[in-house]
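The values are calculated or read from the model by the stated rules, or taken from the named source; none is laboratory data. Remember, it's a predicted structure, so these values are computed and weren't measured experimentally. Every residue, glycine as well, gets a Cβ built from its backbone with ideal geometry; the counts of neighbours run over all protein chains shown. Each accessible area value is taken on the protein alone, full model and side chains, heavy atoms only, with ligands, DNA and RNA left out. Shrake-Rupley method; radii C 1.70, N 1.55, O 1.52, S 1.80 Å.
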Amino acid sequence: MGSKLACDGTLTPTTRGIFTSQEYLPHLSNRVQLTIMALILPLLPLRDIIVFPHMVVPLFVGRGRSIAALENALANDRQLLLSAQRVASQNNPTQDDIFDVGTIAHIAKLHRLEDNNVKVLVEGRSRAKITNFTAENSFYKVEYEPIIEDFETDCEDIIGDVRSAFESYVKLNRRIPPEMLVSVQSIHDPRRLADTIVAHLSVKLKEKQKLLEMSSAKGRLVLLEKLMKKEVELLQVERKIRSRVKRQMEKSQKEFNLNEQMQAVQKELGDRDEFKNELIELEKRVREKDMSAEAVERCLKELRKLKQMAPISAEATVLRGYIEWVLALPWKELKEEQGDTKLALTVLDEDHFGLEKIKERIIEYLAVRSLVEKPRGPVLCLVGPPGVGKTSLAKSIARATNRDFIRVSLGGVKDESEIRGHRRTYIGALPGKIIQSLKKCGSNNPVFLLDEIDKMTQDFRGDPASALLEVLDPEQNETFVDHYLDLDYDLSQIMFIATANVRNRIPLPLQDRLEIIELSSYTQTEKVEIAKRYLLPKQQEANGIANLNLNITDEVFENIVNHYTREAGVRNLEQKVATVCRKLAREWLEKGKPKHHSVDVTDEKVNSLLGVKRFSDRNKDDHSQPGLVNGLAVTAFGGSLLPAEVSILPGKGKLILTGKLGETMQESAQAAISYIRSRASNLGLPNDFASKVDIHVHFPEGAIPKDGPSAGVTMTTAITSALLKIPVKHDVAMTGEVTLRGRVLKIGGLKEKLIAAARAGVTTVVIPKSNEGDLAEVPEPIKDSLSIHCAEHMDEVLSIALDSSIPFAQLRHSVVDWRDSYADETSNEAPMESSQRPH
């Protein structure tokens, strides 16, 4: 079964596969005599395609009868007969519509599609002739006879001719891959060679059917050669036509391009005079512009390049833009300054209340400016909480000195190119913010404000803070180089002023170039004066009630400051004053805007306009309790009271710290425990007390991060008070860093802390002895309202803070003797840096 007859009638193993789905009966004599029983297979009619033996092809089947034939073949031995329709458009072909000769094929793979169609991969096996049609319910079955192919041995010459013709055909037909030539060269069987080649020919269906019906391999090769030569001739003609058309199109395109170029040349010749005039004007401006010799030479060099370029070229646009930028800068254009120190001080006093230190520094600069021919511009940095007037002070300085004012916000800037610009190699390159601002300003000696210098960031594009080093260094900024200009530009005449909220966020190399001036929080008296002198007139004008007489006493302003704002500056205070003015404007409008109308603004009136009081007069505890101590802290918004709570619990010596404390604060708590353990005998505590209790230290407002060493004395006092069960005076606040030996070290932000203590109703404050000199900067009203104690050792702090009504002889004794006990401490300890960080 499944064997193939050789030409001498014997069966050979190499000729297997032609008969499928049939029984082979042994021959009865030396000549082969085959008795073929009735051979039946399902029929699959094909449209516009003929499948030859040895050909593997995918078919898309959609007709119901054809799908049924496939399913029947799958259910048996996966064999079916493929035969082409005479008319492809016939949906229900009959016996007369189908060619008699077809191909027995094997179903290799079948896949059902979503649209109920079937994709099937079939492999042609052998030729067969249909002898009879047998109609089934849903498809055709046919009886067939295998076609025994003739095998000729004298086919070598024709095989060579066919291969040569196929090679020519492949070279002309790009749809056939070149690899097919290699496959054809390896086929030596003339029958298989003919069937393989014909599958790749683009010949008519009838010609292919004729080749399928021929049993002689040699005859098929001869016909195949004729067909290929005919196809080669047709392809050569098509190629000639395509080449001719392509040449004609290229000629037309060439003519079009030449015409366009001629039009461009003519247009350029027409615009050349105008372009030439522009270049002459640019050269004249370059030679007349008062700028550095390097800049003049560079511009003339770029102009020479520009003269050789077409006006419409991209490079010409870049060069022209560069020259325009250089010419637009105020190289040596200086605005005449106002050097009268008295007039400058008057202007500063008009705009700002207080701020004596910064005003004094500006007057000093103006005095030096009048005495020195070419002084270097100062680089001031105003550091202080929001709302204290840093930006407005820079504007006042510009007005007092009669200079132009430039403001550049550096908050969120993270690209070095924002400062130094982009190189001209980049598309859309521009100078940095420094050069751009000077172009807008028009003078080379303005007051240049670098706002929010502490809020710059950095990423892979560079560090803008490092780029500012050259800008702000008086030794370097006279040769500042912007990447876009690539020229030395003198910034030494500019008065740079930087602003920041927190000093420690400014990089240290940048701090080294700055003259830092601290702007502390305003006191209540200063806020009242600012509101009365500046904020109220400003808001009256802004809200249209400048002609309305408002009678507001200092007590009313104090009510707004104490009960509706809680800040270091006056920004929220201005908002509250604006709210009062808006509501009074509405009332005045509803009354018909009477002339010479006056309004008495009392505390009751303010409370009705602003609503419920947001803050109470005091935020400290009104009762003395063990383990509760008032600490003091400094934030970006000024000083604040920082209460500490301690609870003693039965346990095994665990220290619990809560309130979102930073590492420095946690270490301060551990140092406090170590100090108390070392002084246990003096404090009347058992030596092993730390192993029998757990100590929980908590700072309220746990959502706010807290850090810094200046809460050391606060935590030490609170833990000692809780262990001894001795209350801490509720009207005492304290600040200071503590060492393991109990020394109280210097802290920062003393003025803000004392202002916060006075605002909270504290009467006594304990500060480090080393901060005694900083009291000179504290306003006298604040110092008069507080009893300030300077302590060198923790024992002194305890003697002041713990309730004096309870006898404490051991501690008083230790306070007297601690200097002798730690006389050599100074020589053993390394010097400590003072902390400027907020809690």
SER138 to SER647: FRET efficiency via 1/(1 + (r/R0)^6), r the Cβ-Cβ distance, R0 60 Å, to the nearest 0.05? 0.10
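Packing-wise, with mean Cβ within 10 Å as the measure, how do 704-710, 250-256, 509-515 rank, highest first? Spell out each step's value before the answer.
Numbers: 704-710: 21.0, 250-256: 10.0, 509-515: 16.3.
With the highest mean Cβ count within 10 Å placed first, the list reads 704-710, 509-515, 250-256.
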Which lysines have a Cα less than 24 Å from the Cα of LYS254, not counting those fewer than 8 places away in the same chain? LYS240, LYS246, LYS267
Would you calculate the volume per residue, in Å³, of the smallest convex hull containing every Cα atom of the chain? 418
Distance between region 439-459 and region 172-194 - C-alpha centres, whole angstrom: 77
Which residues in region 487-525 have a backbone N closer than 18 Å to a point placed 7 Å from the Cα of VAL368 along the Cα-to-Cβ line? 491-498, 511-518
Expressed in nanometres to one decimal, the distance between label points 7 Å along Cα→Cβ at MET249 and ARG47 is 3.3
Region 522-565 - Debye-derived log10 I(q)/I(0), Cα point model, q = 0.26 Å⁻¹: -0.95
What is the ratio of the Cα radius of gyration of region 746-806 to 2.2 N^0.38 Å, where N is its residue count, to two decimals? 1.12
What residues of region 203-230 lie in the reach of a label at LEU172, counting those whose backbone N is under 13 Å from a point 7 Å from the Cα along Cα→Cβ? 203, 226-230
Modelled label reach - ASP688, point 7 Å along Cα→Cβ, region 624-658 residues with backbone N closer than 17 Å: 650-654
In nanometres, the difference between 0.36 nm per residue of separation and the alpha-carbon distance of ILE40 and SER183 is 48.1 nm
Each residue of region 78-90 in turn: what ³J(HN,Hα) in whole Hz from Karplus with 6.51, -1.76, 1.60 and θ = phi - 60°, glycine and Pro shown as x? 6, 9, 8, 10, 9, 9, 7, 7, 6, 10, 5, 6, 6
Could you give P(r) for region 324-417, binned at 10 Å from zero, as whole percent values over all Cα-Cα pairs? 13, 41, 31, 15, 1
With each run of n ≥ 4 DSSP H residues scored as -39500 (n - 2.57), what mean residue ellipticity at 222 nm is computed for the chain after dividing by its residue count and rounding to the nearest 500 deg cm²/dmol? -13000 deg cm²/dmol
At 7 Å along Cα-to-Cβ for each site, give me the label-to-label distance between GLU590 and SER313 in nm. 7.4
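If you stretched the chain out fully between LYS725 and LYS455, how much longer would it get, using 0.36 nm times the residue separation minus the C-alpha to C-alpha distance? Write out the running numbers ahead of the final one.
Numbers: separation 270, 0.36 × 270 = 97.20 nm, distance 4.60 nm.
Extra length available between LYS725 and LYS455 comes to 92.6 nm.
Could you provide, to the nearest whole Å², the per residue accessible area of region 323-387 with probe 1.4 Å?
Details: 3250 Å² over 65 residues.
Heavy-atom accessible area per residue stands at 50 Å².
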Average silhouette area of region 458-598, convex hull of alpha-carbon atoms, in square nanometres: 13.7
Would you list, by chain and number, the lysines whose Cα falls below 25 Å from the Cα of LYS284, excluding same-chain residues fewer than 8 positions away? LYS276, LYS301, LYS305, LYS307, LYS332, LYS335, LYS439, LYS440
Per residue accessible area in Å² of region 511-558, where ligands, DNA and RNA are left out and the probe is 1.4 Å: 48
Can you order the peptides 786-798, 764-776 by their average number of other Cβ atoms within 10 Å per residue, highest first? 786-798, 764-776
Show me the three semi-axes of the equivalent ellipsoid for region 659-817, from the C-alpha gyration tensor (sqrt of 5 times each eigenvalue), largest first, rounded to whole Å. 25, 19, 14
Per residue, how much accessible area does region 560-630 show when a 1.4 Å probe rolls over the protein heavy atoms, in square angstrom? 59
Rounded to the nearest percent, how much of the accessible area of region 295-358 (1.4 Å probe, protein heavy atoms only) is carbon and sulfur? 55
For region 756-764, Karplus-derived ³J(HN,Hα) couplings (6.51, -1.76, 1.60; θ = phi - 60°; whole Hz; x for glycine and proline) come out as 5, 5, 5, 5, 7, x, 6, 9, 10
Estimated FRET transfer efficiency when R0 is 41 angstrom, pair ASN257-GLU324 (beta carbons, to 0.05): 0.75
For GLU777 paired with ALA680, estimate the spin-label separation in nm (one decimal), with each label point 7 Å from Cα along the Cα-to-Cβ line. 4.2
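Please report the antiparallel percentage of the DSSP beta bridges confined to the chain, to the nearest 5. Can you show the working numbers first?
On the way: 56 of 99 bridges.
Here the share of antiparallel DSSP bridges comes out near 55 percent.
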Suppose R0 equals 56 Å. What FRET efficiency, 1/(1 + (r/R0)^6) with r the Cβ-Cβ distance, do LYS613 and GLU475 give to the nearest 0.05? 0.55
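Considering only protein heavy atoms and a 1.4 Å probe, what is the carbon-and-sulfur percentage of the accessible area of region 597-694? Don't skip to the answer; put the middle values down first.
Values: 2480 of 5210 Å².
Roughly 48 percent, rounded to a whole number.
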Would you mind telling me the share, in percent, of accessible area of region 509-567 contributed by carbon and sulfur at probe 1.4 angstrom? 42
With 5 Å bins from 0: P(r) over region 568-662, alpha-carbon pairs, percent: 2, 8, 13, 14, 12, 11, 9, 8, 6, 6, 5, 3, 2, 1, 1, 0
Quick one: give the max-minus-min coordinate of the C-alpha atoms of region 74-215 along each principal axis, largest first, in Å. 50, 37, 29
